[in-house]
Ligand SMILES: NC(=O)c1ccc[n+]([C@@H]2O[C@H](COP(=O)([O-])OP(=O)(O)OC[C@H]3O[C@@H](n4cnc5c(N)ncnc54)[C@H](O)[C@@H]3O)[C@@H](O)[C@H]2O)c1
């Protein structure tokens, strides 16, 4: 089956690192034009042969102007927006004592509010053509409470993404737009380096697939959700955790 991503226009936020970088590459290799957004331009490199349909956009996507700017640039450069992958995120491992309001607000601003702002701007554009695929990022932490690693601000923000996904799916469905989220388990990226090798080894011993995930494991699922044939899959969250937690 063809994914139907050839010639599509996709915005990927958080494309400068980890899962977002892998998603941007995967969609580019399927033939999509990519607007790769991150705080800094460093590290947002297109795969070979994709340079003509790849634009790196530095900026903060957690502000209304930053989110709208990325969508405006996509339309100015490539004419429209078909796919949004809102992957930008920040992690937090705090205890009750050290998660103050400043940490809480930043974690929620980037993970939850930023996802909403990007989705709102992208959906307004997608609605003009009656077609769109929106993929947000939750986490296994939203389902498990965070375990030994993730703190309360991160867990709450990622749980909020599941509710946001369902709400947006109901509102955007009649416009021809699907909205889903993925809930990765422990994936080897700079974000999980704070866990340290012993914690990761303990996780691996509990994962039925007996390994941590790679960014490409998640990118594959995102590409499926972003694909044209996935038009009847909406409002759901897909676990990508090697069987560690089953919902
Ligand atoms: N790695 C994991 O195990 C894991 C598990 C569950 C969920 N996730 C989620 O997957 C997504 C990607 O995580 P990752 O592991 O690739 O992390 P990462 O730290 O490697 O990459 C995150 C990227 O987001 C960018 N970013 C942060 N704030 C931004 C902002 N305001 N504007 C623009 N860009 C911003 C960062 O600069 C960075 O490049 C995140 O939403 C994360 O919460 C990751």
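The values are calculated or read from the model by the stated rules, or taken from the named source; none is laboratory data. As the structure is a prediction and not an experimental result, all values here were calculated from the model. For neighbour counting, all protein chains shown are included, and Cβ atoms are generated from backbone atoms with ideal geometry for every residue, glycine included.
What's the number of the condition residue 96 fails, among (1) more than 12 Å from the ligand (Cβ to nearest atom); (2) in contact (Cβ under 8 Å) with a residue 24 or more places away in the chain; (3) in contact with a strand residue (DSSP E or B) (Cβ under 7 Å, 6 or more places away or on another chain)? Status for residue 96: all satisfied but (3). Residue by residue through the range 178-204, note down the ones that are within 7 Å of the ligand (Cβ to nearest atom), under 17 Å from residue 246 (Cβ atoms) and touching a helix residue (DSSP H, G or I) at 6+ places or on another chain (Cβ under 6 Å). Across the range 178-204, the qualifying residues are 184, 186. Among all residues of the range 206-214, there is at least one that is modelled with pLDDT of 95 or more, away from the ligand (no atom under 16 Å from the Cβ) and either surrounded by fewer than 17 Cβ atoms within 10 Å (Cβ to Cβ) or in a loop (DSSP other than H, G, I, E, B) (or both). Every condition in (1) over 19 Å from the mean Cα position of the chain (by Cα); (2) within 26 Å of residue 3 (Cα to Cα); (3) in contact (Cβ under 8 Å) with a residue 24 or more places away in the chain holds for residue 119 except the one numbered (1). Considering the range 1-76, the qualifying strands (runs of 3 or more DSSP E), each wholly inside and each with 2 or more residues that are at pLDDT 95 or above and under 16 Å from the mean Cα position of the chain (by Cα), run over 9-13, 33-38.
Filtered by the rule that a residue be within 14 Å of the ligand (Cβ to nearest atom), within 24 Å of residue 223 (Cβ to Cβ) and crowded, with 19+ Cβ neighbours inside 10 Å, the range 45-89 gives 56, 57, 61, 67, 70, 71, 84, 85, 86, 87, 88, 89.
Residue selection: residue 234 satisfies the criterion of being away from the ligand (no atom under 15 Å from the Cβ), in contact (Cβ under 8 Å) with a residue 60 or more places away in the chain and either more than 17 Å from residue 82 (Cβ to Cβ) or in contact with a helix residue (DSSP H, G or I) (Cβ under 6 Å, 6 or more places away or on another chain) (or both).
For residue 112, which of the numbered conditions (1) touching a helix residue (DSSP H, G or I) at 6+ places or on another chain (Cβ under 9 Å); (2) within 23 Å of residue 20 (Cα to Cα); (3) more than 9 Å from the ligand (Cβ to nearest atom); (4) modelled with pLDDT under 95 fails to hold? All conditions are met except number (4). Within the range 140-179, the set of residues being under 19 Å from residue 218 (Cβ atoms), crowded, with 21+ Cβ neighbours inside 10 Å and touching a strand residue (DSSP E or B) at 6+ places or on another chain (Cβ under 6 Å) comprises 140, 161, 165, 178, 179. Sort out which residues of the range 1-35 are out of contact with any strand residue (DSSP E or B) (no Cβ under 7 Å at 6 or more places or on another chain), more than 10 Å from the ligand (Cβ to nearest atom) and more than 15 Å from residue 51 (Cβ to Cβ), and write them in order of number. Within the range 1-35, 1, 2, 3, 4, 5, 6, 7, 26, 30 qualify.
Does any residue of the range 133-142 turn out to be within 13 Å of the ligand (Cβ to nearest atom), more than 19 Å from residue 225 (Cβ to Cβ), touching a helix residue (DSSP H, G or I) at 6+ places or on another chain (Cβ under 8 Å) and in contact (Cβ under 8 Å) with a residue 12 or more places away in the chain? Within the range 133-142, one or more residues are within 13 Å of the ligand (Cβ to nearest atom), more than 19 Å from residue 225 (Cβ to Cβ), touching a helix residue (DSSP H, G or I) at 6+ places or on another chain (Cβ under 8 Å) and in contact (Cβ under 8 Å) with a residue 12 or more places away in the chain.
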